[in-house]
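Q: Before I ask anything, here is the structure I am working with.
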Amino acid sequence: MDAIVVDELRKRYGAVQALQGVGFRVRAGEVFGLLGPNGAGKSTTVKVLATLTKPDSGHAEVAGCDVVGEPNAVRRAIGYVPQSSGVDRDATGRENLTLQGRIQGVGGRALEARVDELLELLGLAEAADRVVRGYSGGMKRRLDVGLGLVHRPQVLFLDEPTTGLDPEARASMWDELERLAEGEALTILLTTHYMEEADQLADRLAIVSRGRVVVAGTPEELKRSLRGEAVEVELADGRAADAESIVAALEEVHEASSEGRKLRSRVASGARAIPSILSALEAKGIGVEAVTTHRPSLDDVYLHYTGREFAAEDEAGGRDDGSGGDGR
Amino acid sequence: MTLAVRHTWFMVGRQLRNLMREPIWIALLLVQPMVWLLLYGQLFKRVTQLPGGGFGTTSYITFLAPAIVIMNSFFGATWSGMAMISDLDRDVLPRFLATPVSRISLVVSQIVRSALIAVIQGVIILLVSLTLGVSVHTGLLGWIVILAAAALMNSAFAGLSQGIALLVRKEATMIAIANFIGLPLFFLSSTLISIRQVPHWMQIAAKFNPVNWGVIAAREVVLRGTHWGSVGLHLALLFGLSVATAAFATWTFRAYQRTI
């Protein structure tokens, strides 16, 4: 059964076409990631699904209810953890959770017990009766998640749950989320621009770029869809743009991109491509500091699809290297 | 409807609890009315002897006290939208909007909270006035009328303030607008001086000034010869205005929702 069905959603804000026909399906009980750069339309998609805003066209169902036609039924079935914390800073953690529970229609003993359970689960039991103003960023974020869970929703939306957290708080948030996903029989829709986060948490994911899903599948499927290997060359000096065009022109290289002093390329076989990459660079007098090769990571998948999307739009037609993803 | 009332109650509870955590605010907010009552009241105490009169009492503080309750309630109301802006800035509202919470309760609770605080402050101002020798001629009923006028005065302008807050969504703009509305309406009323003492055009303007409606209703029950018809009329006018501004605030809330 599908917990979330999204079909051809379009939404325009003024001159910006935020969604250009987003579509995907999330099965009940699964953790689904929407991965994409800032401004790709991830948050807008979640806002439509959480009934905060209406799409211009298209159709979406959450827990079997239409987000436009039956918004209150959807609201009862979901928990929404917005991108920026929505906690009441002048209230305590317990007061925040209790109020949220009440407006979701939970009350009395059941609510008290649930609030205690969540405070314990999220490691906030000791800080429960302190005013939120004094919480750390990680604690505030965990309370946000608690607010989304207080009424035992069927579907939880997590919009960039770890943005702005330090690496330690992020890692502990991932642990919490993994435990929640197992313990609470939840469907989770997660948006993120951290590849690692999607890789670690999501059962399946969709890469979103410019208001559209460009590819969807399990992290493994997506990595496999990029056949071959990734070669990363660290340049001795800064001529990355030159190096990129030289390497991209080589027959063995599927695609190349550069960032700072790093030149990334995707090749069929590292052993065969590396010598020609190095000699091509040497011929033009570009020094090389280090070369590494690895199996494609989600990073490569992301760059491949979002990069190609941009290139395709910029060059009207673009290039094709023969590899494709499934689930389009 | 019952859901809206329950949710309003939850939301008012949230705000009052947060306020009670820093009760110093209620005291700080009372500094201004006390200055008017204690300093201004003494400074101009002989104003009641002006030829032409119209004060209805020889004690200026008796004339002034009920109007200060209304003034305090009015100024409190013009600022009440700041709490809405704070909720907008801190993204508390979007979080509530993803729940089945009654939409109207999010607006109405702000108005109810504001009016409740005005009533609490009104009681304190009246108690202080009592120790200064002010007696409310109509007794307990008079107290109730003064506090009702304060509550209605507050909700009338709190509705307006919430609506403006939802339209401008910026603190600095909100402060400018509150000042722009507040001072002229205050000086175009009979708060400080008998209406018979002011220029003719101001007397006309005061008739249409809601602040003056509240002052008239509150003052009538303090002084001798209470004109109950006038009290009822002015309270009814304030009630009508409260309904209208609450509707305006609700409409601006819908407009805000469309911008998310």
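Q: Please work out how many pairs of lysine residues in chain A are eight or more positions apart (or on different chains) and have Cα atoms closer than 30 angstrom.
A: 12
Q: Continuing with this model, one more query. Quick check on chain A: helices-only [θ] at 222 nm, where DSSP H runs of length 4 and up contribute -39,500 (n - 2.57) each and the sum goes over total residues. Nearest 500, please. Mind dumping the intermediate values first?
A: Details: 11 runs with 125 residues, N = 328.
Calculated at 222 nm, the ellipticity per residue is -11500 deg cm²/dmol.
Q: Report, in whole Å, the centroid distance computed from the Cα atoms of segment B:218-260 and segment B:164-215.
A: One Cα centre to the other: 14 Å.
Q: Under a point spin-label approximation (7 Å from Cα along Cα-to-Cβ), what is the A:Gln17-A:Met1 distance to one decimal in nm?
A: For the pair A:Gln17/A:Met1, the computed spacing is 3.6 nm.
Q: Loop-only check: which GluC sites (Glu not before Pro) in segment A:216-316 are DSSP coil with at most 14 other Cβ within 10 angstrom?
A: Numbers: sites: A:Glu220, A:Glu221, A:Glu229, A:Glu232, A:Glu234, A:Glu244, A:Glu251, A:Glu252, A:Glu255, A:Glu259, A:Glu282, A:Glu289, A:Glu309, A:Glu313, A:Glu315; in loops: A:Glu251, A:Glu252.
Here the sparse-neighbourhood loop sites are A:Glu251.
Q: Something else: Arranged by the count of other C-beta atoms within 10 angstrom, fewest first, what order do A:Thr44, B:Thr57, B:Thr78, B:Thr131 take? List each step's numbers first, then the result.
A: On the way: A:Thr44 23, B:Thr57 17, B:Thr78 26, B:Thr131 7.
If I rank by nearby Cβ atoms, fewest first, I get B:Thr131, B:Thr57, A:Thr44, B:Thr78.
Q: Let's see if you can work this out: charge +1 on each Lys and Arg Cβ, -1 on each Asp and Glu Cβ, no other charges. What is the dipole magnitude of the protein assembly as shown about its Cα centre, in debye to the nearest 20? Kindly include the intermediate steps, with their values, before the conclusion.
A: Numbers: 58 positive and 60 negative charges, 762 e Å.
Around 3660 debye, computed over the protein assembly as shown.
Q: I'd like to know which of B:Thr245, B:Gly182, B:Ala206 lies farthest towards the positive end of the charge dipole of segment B:22-258, counting +1 on Cβ of Lys and Arg and -1 on Cβ of Asp and Glu.
A: B:Ala206
Q: By the gyration tensor of its Cα atoms, with a ≥ b ≥ c the square roots of the eigenvalues, what is the shape of chain A: rounded for a/c under 1.5, prolate for a/b over b/c, or oblate? Provide the component values of the computation, followed by the final result.
A: Values: a/c = 2.63, a/b = 1.85, b/c = 1.42.
Here chain A falls in the prolate category.
Q: In chain B, which helices (entire DSSP H runs) extend 20 Å or more along their own long axis, judged by Cα positions, while averaging at least 1.0 on the Kyte-Doolittle scale?
A: Working: long enough: B:2-21 (29 Å, -0.13); B:60-78 (27 Å, 1.48); B:103-131 (44 Å, 1.88); B:139-168 (43 Å, 1.82); B:171-187 (24 Å, 1.59); B:228-258 (45 Å, 0.74).
Those that clear 20 Å and a mean of 1.0 are B:60-78, B:103-131, B:139-168, B:171-187.
Q: With +1 assigned to the C-beta of every Lys and Arg and -1 to the C-beta of every Asp and Glu, and no other charges, what is the dipole magnitude of segment A:227-295 about the Cα centre in debye, to the nearest 20? It would help to have the intermediate numbers written out before the result.
A: On the way: 9 positive and 12 negative charges, 37 e Å.
For this selection, approximately 180 debye.
Q: Rounded to the nearest 0.05, what FRET efficiency do A:Arg272 and B:Thr173 give with R0 = 60 Å and r taken as the Cβ-Cβ distance? Could you check? Before the final figure, lay out the partial values.
A: On the way: r = 65 Å, r/R0 = 1.09.
Computed FRET efficiency for A:Arg272 and B:Thr173: 0.40.
Q: Okay, moving on. Under a plain spin-label model, where a point goes 7 Å from the Cα along Cα-to-Cβ, how far apart in nm are A:Arg261 and B:Phe208?
A: Going by the 7 Å Cα→Cβ label model, 7.5 nm.
Q: Then there is this: Between A:Val68 and B:Ala244, what FRET efficiency follows from the Cβ-Cβ distance if R0 is 22 Å, with the result rounded to 0.05?
A: Working: r = 31 Å, r/R0 = 1.42.
The computed FRET efficiency comes out at 0.10.
Q: What number, rounded to the nearest 500 deg cm²/dmol, is the helix-based mean residue ellipticity at 222 nm of chain B, given -39500 (n - 2.57) per DSSP H run of at least four residues and division by all its residues?
A: Values: 11 runs with 193 residues, N = 260.
Taking each H run of at least 4 residues, the total per residue is -25000 deg cm²/dmol.
Q: Measure nothing but the geometry: give the 0 to 90° angle between the long axis through the Cα atoms of A:137-149 and the longest principal axis through the Cα atoms of chain A, rounded to 10°.
A: So the helix axis and the longest Cα principal axis differ by about 60 degrees.
Q: Please determine, in degrees from 0 to 90 and to the nearest 10, the orientation of helix A:298-315 with respect to the longest principal axis defined by the Cα atoms of chain A, where the helix direction is its Cα long axis.
A: Roughly 70 degrees between the two axes.
Q: Taking the beta-carbon count within 10 Å as an exposure proxy, list A:Lys11, A:Lys42 from fewest neighbours to most. Could you put the intermediate results ahead of the total?
A: Working: A:Lys11 22, A:Lys42 28.
Fewest-to-most Cβ neighbours within 10 Å comes out as A:Lys11, A:Lys42.
Q: Name the residues whose placed amide hydrogens come within less than 5 Å of the amide hydrogen of A:Val214, ignoring near sequence neighbours (fewer than 5 apart) on the same chain.
A: A:Ile207, A:Val208, A:Ser209
Q: Next question, about the same structure. Using Cα atoms only, what is the angle between the long axis of helix A:167-183 and the major principal axis of chain A, expressed in degrees (0 to 90) to the nearest 10?
A: Roughly 60 degrees between the two axes.
Q: Additional query: Hey, in the GNM for chain A with a 10 angstrom Cα cutoff, which one of A:Val131, A:Val16, A:Val67 fluctuates hardest?
A: Highest fluctuation among the options: A:Val16.
Q: Just to confirm the filter: which GluC sites (Glu not before Pro) across segment A:38-131 are DSSP coil and have at most 14 other Cβ within 10 angstrom of their Cβ?
A: Details: sites: A:Glu61, A:Glu95, A:Glu112, A:Glu117, A:Glu120, A:Glu126; in loops: A:Glu126.
Passing sites in segment A:38-131 are A:Glu126.
Q: Could I ask something else about it? Full-extension gain between B:Leu43 and B:Met82, please, as 0.36 nm times their residue separation minus the C-alpha to C-alpha distance.
A: Numbers: separation 39, 0.36 × 39 = 14.04 nm, distance 3.31 nm.
Gain on extension, B:Leu43 to B:Met82, equals 10.7 nm.
Here, each number is a calculation from the coordinates, and none is a lab measurement. Note that this is a predicted model, so its numbers are computed, not measured. Don't worry about glycine lacking a Cβ; one is built from the backbone with ideal geometry, like all the others, and counts go over all protein chains shown.
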